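These notes concern the structure reproduced below.
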Number of protein chains: 2
Amino acid sequence: MDEHFGDNLVAAIARKRAPVCVGLDPVYERLPGPLRKAFRNDRIGALGEFCRQVLTVVAPIVPAVKIQIAYFEIYQSRGVGLYNEIVAFARELDLLVIGDVKRGDIGPSAEAYAAGHLRATNGPDAVTVSGYFGDDGLIPFIEAGAEGGKGIFVLVRTSNPSAAAVQDFVGTDGQRFYEHMAEQVATIGGGEELIGSSGYSRVGAVVGATYPQEARRLREIMPRQIFLVPGYGAQGATAADCAAAFKGDGTGAIVNASRSVIFAYERHRQADWKQAIEAAGRAFAKDLASVVL
Amino acid sequence: MDEHFGDNLVAAIARKRAPVCVGLDPVYERLPGPLRKAFRNDRIGALGEFCRQVLTVVAPIVPAVKIQIAYFEIYQSRGVGLYNEIVAFARELDLLVIGDVKRGDIGPSAEAYAAGHLRATNGPDAVTVSGYFGDDGLIPFIEAGAEGGKGIFVLVRTSNPSAAAVQDFVGTDGQRFYEHMAEQVATIGGGEELIGSSGYSRVGAVVGATYPQEARRLREIMPRQIFLVPGYGAQGATAADCAAAFKGDGTGAIVNASRSVIFAYERHRQADWKQAIEAAGRAFAKDLASVVL
């Protein structure tokens with residue numbers, strides 16, 4: 001049986017009864033004090049240990065993690081080395097790994113990104129990519145992912161306050177620009193060869209949870225796409241807000257929370273930091289499962 | 001006098017009479033045979049030597065280089081290490097360096113990218129960034145660049161064939177989406193504190209050279225922005241096509257050519273490869289200068 005990121009994600013969500021992923025956004029200054037002290041001035045060492053501990057804690061709870069490469073690129077080559085180590089470590093824990101790299105380019109440059117991030121043996125199972133270049137920017141990633149059935153999530157609707165000024169641009173027939181982007185993704189991501197036995201494509205979409213009515217509309221436009229939904233927790237969206245990204249049978253989306261889980265110990269200073277992360281991860285998974293599954 | 005990327009670029013273009021930059025898109029398989037042989041299986045070594053030689057050849061000819069990070073990310077941490085070495089080497093040659101990284105994210109993630117790419121001492125003078133998130137995605141880069149007066153180029157109009165399917169989306173009053181994006185860039189990039197003594201902002205725009213009439217319209221919308229213009233050479237645009245990106249006084253844009261210059265020896269197999277690159281670089285600069293200056 002060939003590997004297929006969409007099928008693997010749908011199965012793992014069902015198995016763990018958790019339509020969620022934890023986002024790894026490690027920031028040195030926010031690491032637990034004792035861990036920082038133990039590594040003295042070795043920031044890369046401390047960040048690596050934190051990431052491995054967080055992954056070990058959440059692996060039994062969630063089907064997938066989203067690793068934000070920006071926090072590793074601060075440290076340039078050493079950080080990128082750690083990023084690939086952490087990706088490989090997460091995969092060894094049987095977590096599906098989404099590399100949140102938001103890469104975007106065309107032609108040979110896009111092929112080069114796809115080679116470094118999707119074809120590589122220590123790369124993630126899926127990456128986030130920009131849709132701004134149209135098909136030319138997506139096809140190299142889709143093709144690079146064919147071997148191994150790797151996935152991409154195309155940025156359609158983001159959850160930040162200023163997104164609307166760009167993405168809500170109104171077209172001649174009242175259609176919003178992000179809906180137009182969604183149609184592009186549904187077309188290129190709807191090809192038969194991309195659809196797995198779950199009915200979902202290995203080309204998904206990033207759809208912010210800020211406005212449920214938008215998610216419902218995008219759910220209609222992109223029936224074959226799994227939605228990666230940011231915005232829960234630190235960014236303010238509730239489980240009920242996120243529910244609109246799912247189909248009626250509870251499939252079709254995975255909700256991400258990053259800082260509200262991995263820095264949960266900042267709100268419970270007495271507790272052991274790993275216990276605080278585990279409790280926050282379990283509460284997050286339960287919150288979504290109770291609304292969606 | 002404070003540093004200002006826009007001022008430095010305008011001055012360097014005038015000094016060298018060359019409104020162009022050379023793009024470094026190094027691909028191992030296309031390196032000169034003798035150089036590959038000399039480094040045997042050390043791909044990083046061969047790529048590094050090629051980049052340093054190309055930079056040394058073009059430094060007297062052009063004011064700036066654009067380094068495409070995708071070709072380095074193929075090699076993950078070692079490639080990113082080489083990227084930062086090559087950026088630093090180019091700056092030592094008094095070249096202005098544009099890091100073609102097309103990064104895009106929001107909030108703390110965008111700050112993290114900006115820290116790794118613009119605040120770093122071995123980072124470039126400017127980077128390309130995505131505009132899809134609106135101001136939230138741009139402000140962290142603008143702020144990170146304040147110290148050192150570093151620049152950004154926001155993706156407005158790209159030169160690839162499928163760009164139109166996304167970027168030409170038509171708004172209610174007939175405005176195209178890329179024109180709307182240009183207005184956003186003109187607004188956030190038009191702040192007084194961003195404008196240098198040249199009259200240009202350190203927030204510029206990427207404007208593909210494919211359609212001159214579009215460049216003319218974008219020139220009107222973004223009077224304070226320096227345009228980084230891809231599409232010349234391997235991508236098919238001529239110097240005349242590119243001219244529309246410039247103001248009447250010959251300022252306001254810099255045209256990039258990558259593969260047609262750095263792989264020029266593929267078309268002249270008898271010649272020394274460095275001589276072929278030098279000749280192609282000079283012809284490129286002269287071609288643009290003759291039309292624009």
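Some notes on this structure:
- Per-residue Karplus couplings for segment B:101-108, computed as 6.51 cos²θ - 1.76 cosθ + 1.60 with θ equal to phi - 60°, are listed in order as 10, 6, 6, x, 6, 10, x, x Hz, Gly and Pro entered as x.
- Most positive-pole-ward Cα, B:182, B:210, A:54, against dipole of the protein assembly as shown from beta carbon charges: A:54
- Net charge dipole size for segment B:137-241 [Lys, Arg +1 and Asp, Glu -1 on Cβ; Debye, nearest 20]: 240 debye
- For residue B:156, distant residues with modelled amide H under 5 Å away: B:206
- Debye-formula intensities of segment A:5-292, expressed as log10 I(q)/I(0) at q = 0.07, 0.09, 0.12, 0.17 Å⁻¹, are -0.24, -0.40, -0.72, -1.44 (one equal scatterer per alpha-carbon, no solvent).
- The protein assembly as shown: antiparallel DSSP beta bridges as a percent of all, rounded to 5: 10 percent
- The lysines within cross-link reach of residue B:37, meaning a Cα-to-Cα straight distance under 25 Å and a gap of 8 or more places when in the same chain, are B:274.
- ³J(HN,Hα) computed for each position of segment B:82-92 - Karplus, 6.51 cos²θ - 1.76 cosθ + 1.60, integer Hz, glycine/proline x: 5, 3, 5, 4, 6, 4, 5, 4, 5, 5, 5
- Considering only A:112, B:83, B:45, the residue lying farthest towards the positive end of the dipole of the protein assembly as shown is B:45, judged by Cα position with unit charges set on Cβ.
- For the residue pairs A:66/A:150; A:16/A:102; B:66/B:150; B:102/B:286; B:150/B:247; A:102/B:66, the C-alpha atoms sit more than 18 angstrom apart in A:16/A:102; B:102/B:286; B:150/B:247; A:102/B:66.
- Each residue of segment A:162-170 was assigned a 3J(HN,Hα) from its phi angle through the Karplus expression (A = 6.51, B = -1.76, C = 1.60, θ = phi - 60°), giving 8, 4, 4, 4, 9, 7, 8, 3, 9 Hz with x at Gly and Pro.
- Put in order of Cβ neighbour count within 10 Å, fewest first, the listed residues A:153, A:263 become A:263, A:153.
- Positive-end residue of A:101, A:172, A:156, charge dipole of segment A:62-185 with Cβ unit charges: A:101
- Annotation: amide H-H contacts under 5 Å for residue A:255 (H modelled 1.01 Å from N, sequence separation of 5 or more, or interchain): A:20, A:21, A:229.
- Bridges between two residues of chain A, per DSSP, are antiparallel at a rate of about 5%.
- Based on DSSP H segments of at least four residues, each scored -39500 (n - 2.57), the protein assembly as shown has a per-residue ellipticity at 222 nm of -13000 deg cm²/dmol.
- Rg/Rh for the protein assembly as shown, where both radii come from Cα atoms and Rh is the Kirkwood radius: 0.97
- Size descriptor for segment A:1-103, Kirkwood hydrodynamic radius: 14.3 Å (Cα pairs only, one decimal).
- Additional length obtainable on full extension of the chain from residue B:28 to residue B:172, 0.36 nm per residue less Cα span: 47.1 nm
- Sequence-distant residues sharing a close amide H with residue A:127 (under 5 Å, placed H): A:99, A:151, A:152, A:153
- Antiparallel DSSP beta bridges within segment A:160-293, percent to nearest 5: 25 percent
- Cα-centred dipole magnitude for the protein assembly as shown, charges only on beta-carbon of K, R (+1) and D, E (-1), debye, nearest 20: 1000 debye
Read-outs throughout are calculated quantities, based only on the coordinates presented, and are distinct from any laboratory measurement. What you are looking at is a predicted structure, and each value in this text was computed from that prediction instead of being measured. Don't worry about glycine lacking a Cβ; one is built from the backbone with ideal geometry, like all the others, and counts go over all protein chains shown.
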